[in-house]
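To start, the structure under review is shown below, and the notes come after it.
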Amino acid sequence: MEEKSRSLEQATRELRAVNERLQELDRLKDDFVSSVTHELRTPLTSIRALAEIMRDDLQMDAAQRTQFLDIVVAETERLTRLVNQVLDLAKIESGHANWSDTDVDVVAVARQAARAAEPVLRERGARLDVELPDAPLWVRADADRLQQVLMNLLSNAAKFVSAERGRVVLRVVTHVGSGGAPLVTVEVQDNGPGVPREQQPVIFEKFRQGATRSSGRPARGWGCRSALASSSILVAGCGYDRHRARARVSVSTCRDAATPPPRRPIRPHPPAQETRP
Amino acid sequence: MSKRVLIVDDEPNILISLEFLMKREGYEVQVARDGEAGWEAACTWRPDLVLLDVMMPRKSGFDVCQAIRADERLAGMRIVMLTAKGRDTDVAKGLALGADAYLTKPFSTRELVQRVRDLLEDAR
């Protein structure tokens, strides 16, 4: 009898824990949808406002009109990127994600990502320092996805540093991992407010919203972008070890210069003769 | 003397469009790129009306709105909150904190201009 009672109590505890976890996931999903909505509405706002301004002002001078049209085009491209990222996430959810691994020079990818993210950083008045090795470092990854992840992290960093005082560092470092194997880490670091310590292990979880130290409330764009970043790594087939056995590539961010992030490795390996689909 | 409008938003392209729009209406305009800078400008420049984004780094629009309402020196300052978060709870929070109006992005520029005009008329 006592045995049965104990086992019933145990089952109740487990059910309660599962229920709490589901409620937490539900809340995170709501926050995520809200965050994605926010990300989509922002470029739409510029597009609509500038289109209406031009519609209502037929006498506008040509240079002004050209500037506005350029913004409309750029914001449309941004919107397209966001929609594609959300579709990527949906594909991962449904198990239909495709990736194409090849031998990739991670230094070249980092350089391209820095170049691509440069306008966003410049717009924010942030300085980007790129610390890359001179020689190529070969890893097995989907180059496009890897670049997308780095761009997401860089533009996310740009959003959170102080206007005109921001500093972002993109760094590729090699070191020796357990067993003496050579490892590569890609780091994106900035001097923004930082992610609270207790949130650092979970910021790349699906639907997770970060909270800044300064405001304590969900930070703009962070949840969406981090989810997308991690999902892109997953699409690349090279995400966190716990997600895929053949994981090789990870990217870490660090908002607090005083506490460097745990280094998650990229294992370099020489270019192979064949490529895996 | 023309009325002063302060625009606080961290999206550069939204700032460009709103600045153009408000200047076209004949208002004197200043812009701020985050909540902290917005709060400082509200205190020093003393605008008649603030167009205030909600989700911003450093200090949120809700925080700025609350700070303005808590400061007697800034009494009478009109606040229009602009947000890409259009949930009812967000709207209710903005209005509860003392915003005069709340528009969801993307908004109609004609509607925004009309709201601003009405609020500044009332302020006379």
Using a 1.4 Å probe on heavy atoms of the protein chains only, the accessible area for B:Ile68 in Å², nearest 10, reads 0
Could you please put B:Trp39, B:Trp45, A:Trp138 in sequence from largest to smallest accessible area, using a 1.4 Å probe? A:Trp138, B:Trp39, B:Trp45
Per-residue accessible area for A:Asp26 at 1.4 Å probe radius, Å² rounded to 10? 100
Per residue solvent-accessible surface (Å²) - the range B:4-122, probe of 1.4 Å: 38
Need one number: buried accessible surface between chains B and A, 1.4 Å probe, both sides summed, DNA, RNA and ligands left out, in Å² to 100. 2900
Buried by at least 20 Å² relative to the chain on its own: which residues of the range B:102-117 qualify, computing accessible area with a 1.4 Å probe on protein heavy atoms? B:Lys105, B:Pro106, B:Phe107, B:Ser108, B:Thr109, B:Arg110
What percentage of the solvent-accessible surface of chain B, computed with a 1.4 Å probe over protein heavy atoms, is contributed by carbon and sulfur atoms? 45
Setting aside same-chain residues fewer than 8 positions from A:Lys4, which lysines have a Cα under 23 Å from its Cα? none
Lysines within cross-link reach of A:Lys29: Cα-Cα under 24 Å, excluding same-chain residues under 8 positions apart? A:Lys91, A:Lys159, A:Lys206, B:Lys85, B:Lys93, B:Lys105
With all protein chains present, calculate the accessible area of A:Glu131 using a 1.4 Å probe and round the result to the nearest 10 Å². 80
Solvent-accessible surface ranking, highest first, for B:Arg78, B:Arg73, B:Arg24 at 1.4 angstrom: B:Arg73, B:Arg24, B:Arg78
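The values are calculated or read from the model by the stated rules, or taken from the named source; none is laboratory data. Predicted model, so just to flag it, every value in this text is computed and none were measured. Just the protein is used for accessible areas: all its heavy atoms, side chains included, with ligands, DNA and RNA removed. Shrake-Rupley method; radii C 1.70, N 1.55, O 1.52, S 1.80 Å.
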